[in-house]
1. Just to check, using Stokes-Einstein with a Kirkwood Rh over alpha carbon pairs, what's the diffusion coefficient of the stretch A:2-76 at 20 °C and 1.002 mPa s in µm²/s?
2. Take each of the peptides D:306-317, B:74-85, average the number of other beta-carbon atoms within 10 Å over its residues, and list them starting from the highest.
3. Expressed as an acute angle from 0 to 90° and rounded to the nearest 10, what is the orientation of the C-alpha long axis of helix C:237-250 relative to the principal long axis of chain C?
4. Based on the mean of other Cβ atoms within 10 Å per residue, sort peptides D:735-742, A:14-21 so the most packed one is first.
5. Would you please give the FRET efficiency between residue D:86 and residue D:656, computed as 1/(1 + (r/R0)^6) with r the Cβ-Cβ distance and R0 = 22 Å, to the nearest 0.05?
6. Take every Cα-Cα distance within the stretch C:90-229, group them into 5 Å bins from 0 onward, and report for each bin the whole-number percent of pairs it holds.
7. Quickly rank C:269-275, D:398-404, D:559-565 as a protection proxy: mean count of other C-beta atoms within 10 Å, highest first.
8. Place a label point 7 angstrom from the Cα of residue D:173 along the Cα-to-Cβ direction, then list the residues of the stretch D:325-364 whose backbone nitrogen is under 15 Å away.
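Laboratory data are not the source of any read-out in this text; all were calculated from the coordinates shown. None of the values given here were measured: they were computed from a predicted structure. Here the Cβ positions follow ideal geometry from the backbone for every residue, glycine too, while neighbour counts run over all protein chains shown.
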């Protein structure tokens, strides 16, 4: 089970949890399961998020692997100038 | 809008054009003569991108009327290299990476040439103040100043 | 718009008089071209004075300097004698815009544009400069200080032009200075400007002085109290402090995007004091 | 071979850029430098009001003017594709104008002069509405509301409807942390909006056939995005639009979106002619995308040993007339340089009657970093601690859980701080009225969608085709990486930025991504060529492909028949390529993940005139981790340019709005970017801690340099004048007033 860290203001979209455990092995599975289990986060996920997996910020790559011991943090979508 | 017929010399060549009397020299160069090396950044004399020499004096071509060029000589960036040989300033700008986006570069080069014609051995402060009217947003000016000082040195050595 | 470039002042003035619409003079063009581009003015006639011989040169004789109305700032700075005798006038005009603008901008334009912040004007007023004004009825001499009447307003008629300026002869141990305050080192409009023109006697006592502020009122402000503090003094600390106080008191600035009224009032004194120090050291040199 | 130990032949050299000669001779063609036969000139009518309802627009007189070929208003635009509603509204106002300068109508005419006259003939009736432009006023419950109904659920109560988004980040318990502190500092900081200030105004030319297929020439950081946005706004298929990027005269984030481009396209469509439009400088300042203005509450606790025990920031970012997310990119980086047990940052997005903000180099980070680094500096003063040591004590490392969540991989912050400490600048004596400021800063960096093709030409020279407009020398860097990988001289490679019809999609030149992501794709394309050559030669030599290796620019056979086959270099391979099956090319299309974070440390010396509050910058040093500097000149250029933009932000640049909500400083005369005489030389130190996500270790370097300067200068000015500066820009009137306060 991967531990997904939920930050600050996103917590109330996840019933107040700061960590949720999910049986997922890549980013795509994560992005599908999160809104299924926590429907309140669906609009945020649909709007676009970045997910940090083991310190690397991933914007889109669905097949980025998530291992059981991976650090996963859901973040607002990163942009740049 | 009335037009005026103008005979002038641009980069050593006799040129004739008819321009609206309210057209700036910059507009004439760019829109009528296709000399787009001279750039427009503000249209109000605040950025120096349109710098040219008029009878040997550095001016903003956006603040000169096209009709005012009658009987005078205009020198632009297009005339800076001697056919296929770059001017020392141009060479030094490339060697010192004194340009990033390059939009200010023609104006800076024309202004720097004008400085070195008057003062072949300027101090860093003199270069900075002379070029204060040439805005550059990319470089922070550091490499531009170094390139001008280097070019001045090389040109002095070539003269000696 | 029609453009003409007459070779005499008489022809220029005649053209102004003959025009039914909006006729304007073109000297350096650094103000009017900006306004043309921004559609703030749409003149019917533009009269270029740069081909008028009387407008083109700087001359010096026993009665002082004559500066042609079309002489650009850069030419003032290149004139060694003028720079030596009237450094304040040269440096005032030398602060207008960039090197590029210096190649075009004239004292005449700076004066007649009548910006409260004109850098060329305070030192001209402090010098007691006069303008040779040509009109349909001939020529008259007008003190520079009588020309600006308000922001954008001047006392010349629409059919008159300035042909040249005269600077009076200079007693020994005289000099002037102009300093302005801007937020950068270049390329700004003055937030405060101050010109000081003074003469010392052999003992170093100030015998004549004029202190003029710019950008702190609708037009330049001549601060007589500051001049009085200098005259009779050795331009010592007490006199300088009095100049500073008098100038801060005399300034009547507004708050705008370039500075607050409080800041300008305070800085007017600081800058005037610094100008007095520079003028004094030049007069001693 | 790891990036640290690899010996490079091309990379790291100070080679000249391929576009250099064109740029020093005036030959390079920028946005405004192109014409087409029969071309018309476009011009936009803009709102003179900060907020007003448009009651009517009468274009009849303009349409009747001889030479006017098209007049358009919002009515001429289709319903946009989903997601492009705000973009369309920002390009051309609907029933309301939302800021001074908002586009209301546009014309295309046979000359610029006629276009200008036509604009004056358009009559618009406005009903002026109450407006708000200041962030502090905009959040008050009784403030005029810019848009109703945009407030997301998580926004705390007590604000006006202009506060539309809320986010927060952090970990630990800040209250516990503040209790453990020996000193706690609480301050409110403000910054004003700034503009990217690129010298080239936006310019665009478009033509469209009767089949609704169009070609555009645009100065932009990303022509693929311009295509996508224009297609979205004009409800077209992307494939029907071919966009070519001109040389670009600066962007810094401001040219990653559209302003005039869809308008020009709509004019081209209506007139049936090519239309060119070039913005004036006034339009650029009034109606493109400046930065946020901010109000920031910060609270930091520190113990006597210099440990930060807790850090908190609440950021209000005014982001213009539409919902934006910039505040998140202030809240996340604010305390990122530090390893903190207790940290919390909150961001609130505020809309006002100002132009829609656009990106500007590390968008959102510089104000937050100014606030955070100022507070830390002031605590150092209060506790009598050395600001360098305090930063070293608290510095985040590889393995540190960052203030925004992820655990950092290896990065170079500690090395930057050590280099700063060892730099002669840090120990140099100061004179009277001078102060030294130190600040660290962080930016994420970014990769993203990237396509590159590399072609082996018949003569063995190599063409690299990429889709990212080159602002700071990236064509050189990409050629260098390809030359390095192929083992050939730099001069044998030419990199070209191609149009949207010739390559798959690319994110713009933003997020410090080009050298990293395009470089990565170019290297992989080169590797694909190598693999193709190896396979073909193995077939020719009738050997196992694993025995054919590419080394020093040639294919070598390394199997047991060694000595049988002469090595073949790239030119020799090119010569027989057609015999071996045809042209050889490599390409790589990927979503480049793995960008490495970037830290920088800046040292600034300033002198403050005690009588006028005037600040001069006496000395400035930038130290930054570049991972690996491909072309050091261009890395230094980014460091220097970014620092100077930050210096401008700190000292004199600001948007000045009048009581009427209109922008008062619409030119370079009063929007005061630094000029050459304002500055000293900008010293640079490039630290190289390789990014494991790139074959050569590259980290993006473009954005981080603008993050620390606001704080570095503020800390220097505060120490020089003895009064803590909390309000940017530190214009002389403000600094003097602070000094005169008891």
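1. Taking Rh from Cα pairs, D becomes 179 µm²/s.
2. By packing density, highest mean first, the sequence is D:306-317, B:74-85.
3. Here the helix axis deviates by roughly 40 degrees.
4. For the peptides D:735-742, A:14-21, the packing ranking is D:735-742, A:14-21.
5. 0.30
6. Once binned at 5 Å, the Cα pair distances of the stretch C:90-229 give 2, 10, 19, 22, 19, 14, 9, 4, 1, 0.
7. Ranking the peptides C:269-275, D:398-404, D:559-565 by packing returns C:269-275, D:398-404, D:559-565.
8. D:341-344
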